[in-house]
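Before any comments, here is the structure.
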2 protein chains.
Amino acid sequence: MVEPPSLEKLVQEFASLPGIGKKTARRLAYFVLTRPRERAEALSNTIVEACDKVKRCSQCHSFAEEDPCPICKAREGSRSICVVEKFSDILPFENAGIYHGLYFVLGGVLSPLDGVGPETLHIPQLIQRIQTEKIEEVIFALGSSPEADSTILLIDKLLAGVPVKRSSLARGIPMGSELEYIDEVTVLRAFESRTGI
Amino acid sequence: MVEPPSLEKLVQEFASLPGIGKKTARRLAYFVLTRPRERAEALSNTIVEACDKVKRCSQCHSFAEEDPCPICKAREGSRSICVVEKFSDILPFENAGIYHGLYFVLGGVLSPLDGVGPETLHIPQLIQRIQTEKIEEVIFALGSSPEADSTILLIDKLLAGVPVKRSSLARGIPMGSELEYIDEVTVLRAFESRTGI
Ligand SMILES: [Zn+2]
Ligand SMILES: [Zn+2]
């Protein structure tokens, strides 16, 4: 009962964000109150503005202010589609400038324990898009986990009979890392899929 | 240029908060966009509402919706004052229920390297309050750091000739830690064995 109610409410709001505990939430709330009021208004307005403007692209489920999103629009007619778990997974590809095809945001990977089944993900839309846009290659960029593997397996099954090449990001040792510090499963995978020189 | 502008702006706003890096800011922004709009509005409104309602108590500089704050009002006439660095440092005392006197939020500790000199803190107001309210004991609860020590030393000097007992939390507090994050028992012990200066 020391914290004024409106401050306590702000602490609770911050604490409802992922990875923000009560103490961090308190630090953020105090900081917001300490800054000039304009900064708080800017934060407040930006939150609502982003919610108003940002939608999901109906074709790839990326966050975008237009529908279709700039990438779907600019790369219409591309024959390859890169399947990612979430929107932010697109960023490293675009930053590296290595890929110029389409993307598709699944919205997650299968995780029965967390209640994420095939119906929660955008799998039917993906299958449909692959067929209607005559996609020639599907590249799965889902990270490496048993859940990602079973998601790829399911989509692969659903694509039975569809003439589309399927690939998945290579599993191996990340650049610039010392072998000593890599976990055994990664080393095992990298060994199994070792490539000729 | 993959992120829509309004989303990028939101990421930047979150990244301007202390301890929130670009990646965490992105995660928060995406989360806010994924939740129902009402939740974003609630967060947005709570920020502005807290800024509107929460002020600084003119007597102790605590965050409060009224002036004087509930503690200054309820404990008027108390003869002891507990000097803390920031408002949140009051919480462990009140949660432990060990202290029933007044508080005074200094607003920091002396830190010449960070440009925090005596004039940045509320030291003159503290000295004045001690004299006008006939305070009999000043308890310094400033955590343990060289900066805290020199702050106590300065205030002690300024109080030369003022008939007031001065004590400081016992060194039960680990070095280099912020009072806010100390458990109540430790605070209780340190409070009980506070020592004269
Ligand atoms: Zn799109
Ligand atoms: Zn007060």
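The values are calculated or read from the model by the stated rules, or taken from the named source; none is laboratory data. Keep in mind that this is a model prediction, so the values were computed, not measured. Neighbour counts run over all protein chains shown; Cβ positions are idealised from the backbone, glycine included. Keep in mind that these areas ignore ligands, DNA and RNA; they rest on the heavy atoms of the full protein, side chains included. Shrake-Rupley method; radii C 1.70, N 1.55, O 1.52, S 1.80 Å.
Within the stretch B:147-156, the presence of a residue that is more than 16 Å from ligand 2 (Cβ to nearest atom), assigned by TED's automatic domain parsing to the domain that holds B:Arg79 and not in a helix (DSSP H, G or I) is excluded. Within the stretch A:146-183, the residues that satisfy the criterion of being acidic (Asp, Glu) and open to solvent by less than 80 Å² (accessible area, probe 1.4 Å) are A:Glu147, A:Asp149, A:Asp156.
Residues in the stretch A:35-47 that are surrounded by 14 or more Cβ atoms within 10 Å (Cβ to Cβ) and more than 23 Å from B:Tyr30 (Cβ to Cβ): A:Arg35 only. Checking A:Ile127, A:Ile135, A:Ile90 one by one, the residue that is touching a residue at least 40 places away in the same chain (Cβ under 8 Å), of a type in the set (A, V, I, L, M) and assigned by TED's automatic domain parsing to the domain that holds A:Leu158 is A:Ile135 and no other. Scanning the stretch A:20-39 for residues that are within 19 Å of B:Arg37 (Cα to Cα), part of a loop (DSSP other than H, G, I, E, B) and of a type outside the set (A, V, I, L, M) turns up nothing.
The condition (being touching a helix residue (DSSP H, G or I) at 6+ places or on another chain (Cβ under 6 Å) and under 30 Å from A:Val84 (Cα atoms)) is satisfied by just one residue among A:Val32, A:Val48: A:Val48. B:Thr132 is checked against (1) open to solvent by less than 30 Å² (accessible area, probe 1.4 Å); (2) β-branched (Val, Ile, Thr); (3) under 15 Å from B:Cys60 (Cα atoms) and fails just one. What number does that condition carry? So B:Thr132 meets the others, but not (1). A search for C-beta distances below 9 Å between a residue of the stretch A:1-28 that is more than 7 Å from chain B (Cβ to nearest Cβ) and touching a residue at least 12 places away in the same chain (Cβ under 8 Å) and any residue that is open to solvent by less than 40 Å² (accessible area, probe 1.4 Å) and acidic (Asp, Glu), counting only pairs 6+ apart in sequence or on different chains, returns A:Val11/A:Glu3; A:Ala25/A:Glu13. Are any of the residues in the stretch B:94-101 near ligand 2 (Cβ under 10 Å from one of its atoms) and surrounded by 16 or more Cβ atoms within 10 Å (Cβ to Cβ)? No: the stretch B:94-101 contains no residue that is near ligand 2 (Cβ under 10 Å from one of its atoms) and surrounded by 16 or more Cβ atoms within 10 Å (Cβ to Cβ).
Among the candidates A:Cys82, A:Cys72, A:Cys51, the residue that is in a helix (DSSP H, G or I) and within 16 Å of ligand 1 (Cβ to nearest atom) is uniquely A:Cys72. Checked against (1) in a strand (DSSP E or B); (2) modelled with pLDDT under 90, A:Val138 passes all but condition (2).
Scan the stretch A:33-89 for residues that are within 7 Å of chain B (Cβ to nearest Cβ), of a type in the set (Lys, Arg) and over 21 Å from the mean Cα position of the chain (by Cα) and jot them down. Hit for the stretch A:33-89 is A:Arg37, nothing else.
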